[in-house]
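Notes to accompany the following structure.
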Amino acid sequence: METNNRAMKTIQQLLFAFLVISISSCISESIGPQGLQGPEGPEGPQGAEGESSYVFEYTGINFTAPDYEVYLEYPIDFEGLDSDVTLVYLLWEVTTDSNGDHLEVWRQVPQTILTENGLLQYNFDFSKIDFHLFITTEFDSSLLQSFDTDDWVVRAVVIPGEFWNGRSSLDFSDYNAVKEAYNLPELAKHEDIHLRR
């Protein structure tokens, strides 16, 4: 009987030792020396550089009496989102640099101008399908001149909300900086715009 008890204790001890070894091998990780670096894989195909925003240009825009406003729709194939942000720029003038190259001067809206009659402001609001440009004045709007209201070139830059937050240090009043930051395409140049004011 004593032999049976001793045999049982031995079996229990062996089972316990086996159990401890099994559990410890599951818990502990053996870290050996790091192997050699494998060869570098083949380079993947180069994708086309994509735009992170969109730019739309409108030409021959006239602010007509009595409201001096205009609604401009985005192209039919453009699907805007509620989170998109729209920036609007007016082509203010085209100048020539020392090499004789034409330089476009774009001004961000809203734009306030001091005229001989008082303040005039170009302003806008937007939705996911269009934007609304309008002129407000602190004087009788019938005193507006044709160079204030007629034949504008307008660019609207639509920035998806996901890209808007990461560019807080960007000078949005500089169209060329916005163009570069958001990888906007090059649009046609204009050569026949004269200084507005």
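Assorted remarks:
- Any hit, the stretch 139-148, residues being touching a Lys or Arg at 6+ places or on another chain (Cβ under 9 Å) and among the hydrophobic types (A, V, I, L, M, F, W, C): yes
- Some residue of the stretch 131-143 being loosely packed, with under 15 Cβ neighbours inside 10 Å and in a strand (DSSP E or B): yes
- Residue in the stretch 114-130 that is nearest to Asp82 (Cα to Cα), counting only those that are surrounded by 15 or more Cβ atoms within 10 Å (Cβ to Cβ) and hydroxyl-bearing (Ser, Thr, Tyr): Tyr122
- Any hit, the stretch 160-173, residues being under 30 Å from Ser52 (Cα atoms), assigned to a strand (DSSP E or B) and hydrophobic (A, V, I, L, M, F, W, C): no
- When the test is whether a residue is in contact with a Lys or Arg (Cβ under 7 Å, 6 or more places away or on another chain), closer than 20 Å to Val178 by Cβ and modelled with pLDDT of 95 or more, Leu72 does not pass it.
- Subset of the stretch 137-162 [aromatic (Phe, Trp, Tyr) and touching a strand residue (DSSP E or B) at 6+ places or on another chain (Cβ under 9 Å)]: Phe139, Trp152
- Residue count for the stretch 64-73, restricted to those that are surrounded by 15 or more Cβ atoms within 10 Å (Cβ to Cβ) and under 13 Å from Thr137 (Cα atoms): 1
- Residue within the stretch 83-103 that is among the hydrophobic types (A, V, I, L, M, F, W, C), surrounded by fewer than 10 Cβ atoms within 10 Å (Cβ to Cβ) and modelled with pLDDT of 90 or more present: no
- Taking the stretch 57-124 as the region of interest, the strands (runs of 3 or more DSSP E) fully inside it that hold 3 or more residues being of a type in the set (A, V, I, L, M, F, W, C) are 85-96, 102-109.
Results for (1) in contact (Cβ under 8 Å) with a residue 12 or more places away in the chain; (2) among the acidic types (Asp, Glu), shown as yes or no for each residue.
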position	(1), (2)
Leu91	yes, no
Ser98	no, no
Gln121	yes, no
Ile129	yes, no
Glu138	yes, yes
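- Val154 vs. criteria assigned to a strand (DSSP E or B), surrounded by 14 or more Cβ atoms within 10 Å (Cβ to Cβ), at pLDDT 95 or above and aliphatic (A, V, I, L, M): yes
The values are calculated or read from the model by the stated rules, or taken from the named source; none is laboratory data. Nothing here was measured: the structure is a model prediction, and the numbers come from that model. Every residue, glycine as well, gets a Cβ built from its backbone with ideal geometry; the counts of neighbours run over all protein chains shown.
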